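The values are calculated or read from the model by the stated rules, or taken from the named source; none is laboratory data. This one's a predicted model, so the numbers in the text were calculated from it and none came from an experiment. Here Cβ is always computed from backbone atoms with ideal geometry, including for glycine, and neighbour counts include all displayed protein chains. Just the protein is used for accessible areas: all its heavy atoms, side chains included, with ligands, DNA and RNA removed. Shrake-Rupley method; radii C 1.70, N 1.55, O 1.52, S 1.80 Å.
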Amino acid sequence: MPKIEYGIKNVYFAIRKRSEEGTISYDTPFAVPNARSTDMAPQGETTPIYADNVIVYTSNSNQGYSGSLAFTTIPDEVLEKLLGYIKDSKGNLLEDANAESVPFAMMFQFETDEKAVRHIFYNCTLARPNVASQTKEASVTVSDKTLTITAAPDSEILPGYTIVKGKSTKDTDATAYNSWFTSVQIPTLPAEEETDVQS
């Protein structure tokens, strides 16, 4: 088991689609370079239930994650594909007030003292990024460009479960690990667990 985690790299987004029959699939992931940091905070509430003047049960509500992903710059591809920006005949990129955020999967990895740990959030949406910078002084200060991301629980991707996120472990098979960023792997259960869910 790794003792430390640090850094972030290999950020990829993949557009999420639903067929007319309700099947979930994803486009080929595309790289989003120049990541600086991420901070995804869990959403939900912990509610204690009291009886006889003591807590007899604690109810936990998992509403996914919400947070940020910071870059030195945000590629135009993200704005076009996920926020509905349009490119005019002169090559300018235009924000459309009527465009809706497109759902997507988000993947990235953290380095460790052993093998890098790879993460995936299956059902994400973006908010529009801020427009901000600052004047150049004696030295150049880079202003991070931040995407605000909501990662919702997903009750469609694995029957019988509501999945929020996934991560690689020491038991992740080599094929799944090595193809983490080339295609979104739809999760499946081991045969014996799948039988239990169906029954």
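Remark: the stretch 101-199 carries 59 Å² of accessible area per residue (probe radius 1.4 Å; ligands, DNA and RNA excluded).
Summing Cβ point charges (Lys, Arg +1; Asp, Glu -1) relative to the Cα centre of the chain gives a dipole of roughly 740 debye.
If R0 is 30 Å, what FRET efficiency do you get for S59 and D39 from their C-beta distance, rounded to 0.05? Efficiency, from the Cβ-Cβ distance: 0.70. Please state the shape class of the stretch 116-166: rounded when a/c is under 1.5, otherwise prolate if a/b exceeds b/c and oblate if not, all from the C-alpha gyration tensor. Judged from the Cα gyration tensor, the stretch 116-166 comes out oblate (a/c at least 1.5, b/c at or above a/b). Rolling a 1.4 angstrom probe over the chain with all protein chains present gives an accessible area of which 48% lies on carbon and sulfur atoms.
Note on I86 and A132: the model spin-label points, each 7 Å out from Cα along the C-beta direction, lie 3.0 nm apart. Neighbours of I86 by Cβ distance under 10 Å: Lys/Arg scored +1, Asp/Glu scored -1, total -3. For A105, neighbours were defined as the other residues whose beta-carbon sits under 14 Å from its Cβ, and their charges (Lys and Arg +1, Asp and Glu -1) total +4.
For K145, the solvent-accessible surface with a 1.4 Å probe is about 50 Å², rounded to the nearest 10.
Using the Cβ-Cβ distance between A176 and T112 with R0 = 22 Å, the FRET efficiency computed as 1/(1 + (r/R0)^6) comes to roughly 0.80. Please label the shape of the stretch 1-71 as rounded, prolate or oblate, based on the square roots a ≥ b ≥ c of the eigenvalues of the alpha-carbon gyration tensor (a/c under 1.5 means rounded; beyond that, a/b larger than b/c means prolate, else oblate). Note, shape of the stretch 1-71 comes out oblate. Given their separation in residues at 0.36 nm each and the Cα-Cα distance between them, L93 and Y6 gain 27.8 nm when the chain is fully extended. With Cα atoms defining each centre, the stretch 17-51 and the stretch 105-174 are spaced 9 Å apart in the structure. Among N60, N130, N34, the largest mean-square fluctuation in a Gaussian network model of the chain (Cα springs under 10 Å) belongs to N60. Each listed q (0.11, 0.12, 0.17, 0.18 Å⁻¹) maps to a log10 I(q)/I(0) for the stretch 66-199, found by the Debye formula over equal Cα scatterers with no solvent: -0.57, -0.67, -1.08, -1.15. Within the shell defined by Cβ-Cβ distances under 15 Å, the residues around A132 carry a net charge of +3, with Lys and Arg each +1 and Asp and Glu each -1. Per residue, the accessible area of the stretch 1-53 comes to 72 Å² when a 1.4 Å probe rolls over the protein heavy atoms. For the pairs K9/K136; K81/K165; K115/K136, flag any whose C-alpha to C-alpha distance is greater than 32 Å. Among K9/K136; K81/K165; K115/K136, the Cα-Cα distance tops 32 Å for K115/K136.
Applying a DSSP loop filter and a limit of 12 other Cβ atoms within 10 Å to the GluC sites (Glu not before Pro) in the stretch 88-136 leaves E95, E100, E114.
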